[in-house]
């Protein structure tokens with residue numbers, strides 16, 4: 001979860017920086033230029049708010065996963081080794097490094113995630129006109 005925590009900390013820092021800039025913005029700048037700057041700051045705050053909400057959702061998703069139990073069928077929380085990649089079915093984070101190995105963290109709701117759910121080692125799925133063998137599920 002430290003990756004998501006770092007994302008949340010970064011977004012929070014950016015939001016605090018915007019608030020600080022808004023407080024330091026002097027009223028000496030008059031007219032349209034001042035109003036445009038304020039509108040841009042407001043838009044940036046809204047976008048950061050959405051990013052923060054999404055990151056907190058990802059953190060909550062990760063925190064509720066039970067990764068301690070050994071699973072035979074692919075479900076949320078499964079680490080899946082395929083003929084192409086190693087995948088962790090959780091929340092969309094993209095490629096991360098884990099034990100010096102590339103792991104793609106994907107959502108169970110993603111097209112590939114949906115395709116893999118309920119499958120087990122030894123099965124093969126077809127994705128983007130490619131055959132992907134499921135080698136291991138942990």
Problem set entry | Residue list for region 1-36, filter: at pLDDT below 75, surrounded by 12 or more Cβ atoms within 10 Å (Cβ to Cβ) and out of contact with any helix residue (DSSP H, G or I) (no Cβ under 8 Å at 6 or more places or on another chain) | 3, 34
Exercise. Filter region 126-138 for residues that are under 23 Å from the mean Cα position of the chain (by Cα) and assigned to a strand (DSSP E or B); which is nearest to residue 8 (Cα to Cα)?
Worked result: 137
Exercise. Quick one: in region 82-125, which of the residues that are part of a strand (DSSP E or B) and in contact with a helix residue (DSSP H, G or I) (Cβ under 8 Å, 6 or more places away or on another chain) is surrounded by the fewest Cβ atoms within 10 Å (Cβ to Cβ)?
Worked result: 96
Exercise. Looking at region 84-94, is at least one residue modelled with pLDDT of 95 or more and under 14 Å from the mean Cα position of the chain (by Cα)?
Worked result: yes
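The values are calculated or read from the model by the stated rules, or taken from the named source; none is laboratory data. Quick caveat, the model's predicted, so the values are computed rather than measured. Because the Cβ atoms are built from the backbone with ideal geometry, glycine has one as well, and the counts that use them run over all protein chains shown.
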